1. With all protein chains present, calculate the accessible area of SER193 using a 1.4 Å probe and round the result to the nearest 10 Å².
2. Quick one: ranking HIS201, HIS81 by accessible area, 1.4 Å probe, largest first, what do you get?
3. So for the chain: antiparallel DSSP bridges make up what percent, rounded to the nearest 5?
4. In cubic angstrom, how much convex hull volume per residue do the alpha carbon atoms of the stretch 36-114 span?
5. Please compute the length gained on full extension between LEU109 and ASN290, using 0.36 nm multiplied by the number of residues separating them and subtracting their Cα-Cα distance.
6. Which distance in nm do the two modelled labels at PHE268 and LEU84 give, with both placed 7 Å along the Cα-to-Cβ direction?
7. Using the C-alpha gyration tensor of the stretch 180-292, what are the square roots of 5 times its eigenvalues, in whole angstrom, with the largest one first?
8. Counting pairwise Cα distances across the chain, what percent come out greater than 36 angstrom?
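The values are calculated or read from the model by the stated rules, or taken from the named source; none is laboratory data. The structure displayed is predicted, hence computed values, not measured ones. Cβ placement follows ideal geometry from the backbone for every residue including glycine, while neighbour counts extend to all protein chains displayed. SASA here: full protein model, heavy atoms, side chains in, ligands and nucleic acids out. Shrake-Rupley method; radii C 1.70, N 1.55, O 1.52, S 1.80 Å.
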Amino acid sequence: MSYATIRYDMDDGLLQLQLNRPDHLNAFTVEMADELVDAYTRASADDAVKAIVVSGAGRAFCAGMDLSVGGNVFGLDESLHPTLADMQDRLEDADIQRGVRDTGGPVALAMFGCTKPIIGAIHGAAVGIGATMTLPMDFRLASSDARFGFVFGRLGITPEACSTWFLPRIIGFDKALEWLFSARILPVEEALSAGLVRSVHAPETLLDEASAFARRLVADRSPVSTALIRQMIYRNAGARHPIDAHRVESLAMFYTSIADGREGVDAFVAKRKPVFRGRASELPPFHPWNDN
């Protein structure tokens, strides 16, 4: 499949996923949202993809929603009067899907459900949806010229892209509220100090260093183990009780121990590199769990 607003390039097991509207500072559109959902879903199903590195073309990662479009700039249908019941019972209906759901939400959910590690290489401006779309990434590496802005309050709107679920889990409730209330532009040093960013790099080396980091995460690792670990961390962290994690961990241990786990043990005992044959596209039958 070809894309109009993103690039999808394979690089020896790494998917280089790039926002590609450089003349518009990679401003986010409904079309970009659709293409990102497709790309993350496609990557999950493609066993050639071991990890995903996300970057932006040109001078910025993403300057936020494209506010130059006509009508409702967020692509919403102002003739509707949706309720919480609609969002619970009719979430996939066409009028709700296109007229009510925030466009960043499906992207964040596709990232949440992805079975491959996602590493962000963020440079320049990452503002609005440009900031919130980074939250479901597993790691965010940034350049020294990066700046972040959760600027919704300036526009009289509220956060989207499931960010009120992700942001406090990453930086804590106090800091999340302060950043959202103030709606100020954050220098990369503050993002690093708060734990939003893992590390800061020179702009000219950022993508190479993010790619090298991604390769270290998946080299000589079972794709099934990696996929399950990612899903277990995100899903089990929100479980009501540790027993819920125990149930899932027991099934995960059972199914991996009779598959790639056998090769892993044999390789460890023989002091050789393992040759794992499991596929992330063929996870054990209990996956996904707690999938509302």
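1. Rounded to the nearest 10, the figure is 100 Å².
2. Final ranking, largest accessible area leading: HIS81, HIS201.
3. Values: 9 of 30 bridges.
Among the beta bridges of the chain, antiparallel pairing accounts for roughly 30 percent.
4. So the per-residue Cα hull volume is 121 Å³.
5. Gain on stretching LEU109 to ASN290: 63.8 nm.
6. With each label point 7 Å from Cα toward Cβ, the separation is 4.7 nm.
7. One finds semi-axes of 33, 23, 11 Å for the stretch 180-292.
8. Distances greater than 36 Å cover 18 percent of the Cα pairs.
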